[in-house]
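The next block holds one structure in the form of structure tokens; read it before the comments.
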Amino acid sequence: MNGKRILLIVGGGIAAYKSLELVRRLKERGASVRAILTKGGAEFVTPLSFSVLTEEKAFTDLFDLEDEAEIGHIRLSREADLIVVAPATADLLAKMAHGLAVDLATTLLLATDKPVLVAPAMNVRMWQHAATRRNVARLREDGIAFVGPEEGEMACSEFGPGRMAEPAAIIDAIASMSGTSLLGTGLPKERRVGSLTGRRVLITSGPTHEPLDPVRYIANRSSGKQGHALARAAAAIGAEVTLVSGPVALPDPEGVRMIRVETAHEMLAAVLNALPADIAICAAAVADWRATEEAPHKLKKQHQGSETTLTLTQNPDILATLAGLAAKRPRLVIGFAAETENLIANATAKRRAKGADWVVANDVWPGTGAMGGDRTEVHLITRQGVEDWPPMSKDEMAARLLARAGEALQALRSAAE
């Protein structure tokens, strides 16, 4: 990010304190940052704090005579490569969606022709309100990119989606949507390094349910949180996303084509029908086996202490099928390896056996809390070796993986040219 110019708009929410850390991390990576605080933002953090960290004046007032003598809101936009709104409150999103210009921040956003990334932060009920959903959908249609929000405990002691994405996830989204060499050149999004605008991404998520009889089924403890986080991250940076999900208790990600399935056979059929795709990410925990024959009626136990034998057969291997396609094979096929022992060795062997380009290895031993939890620690297995990633939220991991995938696609495109 050396020499890249980021204009940061800080909305009025408690998450504004995270924006100070975002500034610090951006500066560490060589970016220059200017900050604009809304009136509400300045109630939570001071302009002085941002001035010290950015080493630039922090702006707050649309009618500052000195700044507006040079039409400051236009100048600030013109001199930026990218605009980041963090936190983006429900009120600020509403003003953006309706094209209002009531202060310096909203006037600048209405006047800009630069890429805009927003990191929403609000109470879960506000995030899930129909008005906010409409505003978010409108902003996505207008080309605004989103990162987060994450799910977790709120300052108001409620729990759910609405927490602002962590600074690391925002930085990954910045890198993925804007790249490191074409930022600020005026090129369209689909030609920016790292951008997934114009790319098709296919993701599987959740468990599969393999019926034994009309009542019972074989399943696993997958929650679908990682697969859904990947879909949100891909959509946030402009991809056309198809999410094929087994049964989960999660809201559908915004801006994503959703296909719901039950069994491994249904998931495979949906995946093949969704091709072609540039990237396929198999994050679903597909059941390895199913009953050879599904009983037409509920199976009855004979008597206390009796044993019942179930005959099982292997399910289709969706990852291996995608990786082995002669036609319509995605340019980048990524699998997941959930292991409880010999993590790296098993994941490395899986990548080779399946023919995948990458495999994301994660330890799902019960003590880790990864299965069904909000955080994870993964290792990225590629042909070049193993990358050990630090513990992070599943949203952060998703943003980081999609950023890497965007870079990989660009490298493949450059090599082909």
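Please tell me if Pro251 is in the same structural domain as Glu266 (by TED's automatic domain parsing) and either in a strand (DSSP E or B) or over 22 Å from Ala287 (Cα atoms) (or both).
When the stated conditions are applied, Pro251 passes them.
Considering every residue within the stretch 30-41, establish whether at least one is under 21 Å from Asp81 (Cα atoms), modelled with pLDDT under 85 and part of a strand (DSSP E or B).
Scanning the stretch 30-41 turns up at least one residue that is under 21 Å from Asp81 (Cα atoms), modelled with pLDDT under 85 and part of a strand (DSSP E or B).
Across the stretch 356-377, what is the number of residues that are at pLDDT 90 or above, of a type outside the set (Gly, Ala, Ser) and either in a loop (DSSP other than H, G, I, E, B) or over 22 Å from Asp317 (Cα atoms) (or both)?
Residues meeting the conditions: 1.
Applying the selection to the stretch 235-260, what residues are of a type in the set (S, T, N, Q) and within 14 Å of the chain's Cα centre (by Cα)?
Thr242
Which of the numbered conditions does Asp278 fail, given that it passes all the others? Conditions: (1) touching a Ser or Thr at 6+ places or on another chain (Cβ under 7 Å); (2) closer than 21 Å to Glu407 by Cβ; (3) at pLDDT 95 or above.
Of the numbered conditions (1) touching a Ser or Thr at 6+ places or on another chain (Cβ under 7 Å); (2) closer than 21 Å to Glu407 by Cβ; (3) at pLDDT 95 or above, the odd one out for Asp278 is (1).
Just to be sure before I move on: is Leu322 surrounded by fewer than 21 Cβ atoms within 10 Å (Cβ to Cβ), of a type in the set (A, V, I, L, M) and outside any strand (DSSP E or B) in the structure I sent?
Against the criterion (surrounded by fewer than 21 Cβ atoms within 10 Å (Cβ to Cβ), of a type in the set (A, V, I, L, M) and outside any strand (DSSP E or B)), Leu322 does not qualify.
If the requirement is being outside any helix (DSSP H, G or I), more than 22 Å from Ala229 (Cα to Cα), touching a strand residue (DSSP E or B) at 6+ places or on another chain (Cβ under 6 Å) and not small (Gly, Ala, Ser), which of these qualifies: Glu307, Glu341, Glu294?
Glu294
Name the residue that is farthest from Val378 (Cα to Cα), counting only residues in the stretch 226-235 that are in contact with a helix residue (DSSP H, G or I) (Cβ under 6 Å, 6 or more places away or on another chain) and small (Gly, Ala, Ser).
Filtering first and then ranking leaves Ala234.
Sort out which residues of the stretch 137-167 are touching a strand residue (DSSP E or B) at 6+ places or on another chain (Cβ under 7 Å), at pLDDT below 80 and of a type in the set (A, V, I, L, M, F, W, C), and write them in order of number.
Met154, Phe159, listed by residue number.
Within the stretch 9-32, track down each residue that is surrounded by 23 or more Cβ atoms within 10 Å (Cβ to Cβ) and closer than 16 Å to Arg78 by Cβ.
Ile9
Can you spot a residue in the stretch 286-299 that is within 26 Å of Thr382 (Cα to Cα), more than 24 Å from the chain's Cα centre (by Cα) and of a type in the set (Gly, Ala, Ser)?
Yes.
Please determine, by comparing only the residues of the stretch 190-218 that are at pLDDT below 90 and surrounded by fewer than 18 Cβ atoms within 10 Å (Cβ to Cβ), which one is farthest from Arg260 (Cα to Cα).
The extreme case among them is Arg191.
Based on what the data block shows, is Pro276 surrounded by fewer than 17 Cβ atoms within 10 Å (Cβ to Cβ), assigned to a loop (DSSP other than H, G, I, E, B) and in the same structural domain as Asn220 (by TED's automatic domain parsing)?
It is true that Pro276 is surrounded by fewer than 17 Cβ atoms within 10 Å (Cβ to Cβ), assigned to a loop (DSSP other than H, G, I, E, B) and in the same structural domain as Asn220 (by TED's automatic domain parsing).
The values are calculated or read from the model by the stated rules, or taken from the named source; none is laboratory data. Small disclaimer: the values here were computed from a predicted structure and weren't measured. Every residue, glycine among them, receives a Cβ derived from its backbone with ideal geometry; neighbour counts consider all protein chains shown.
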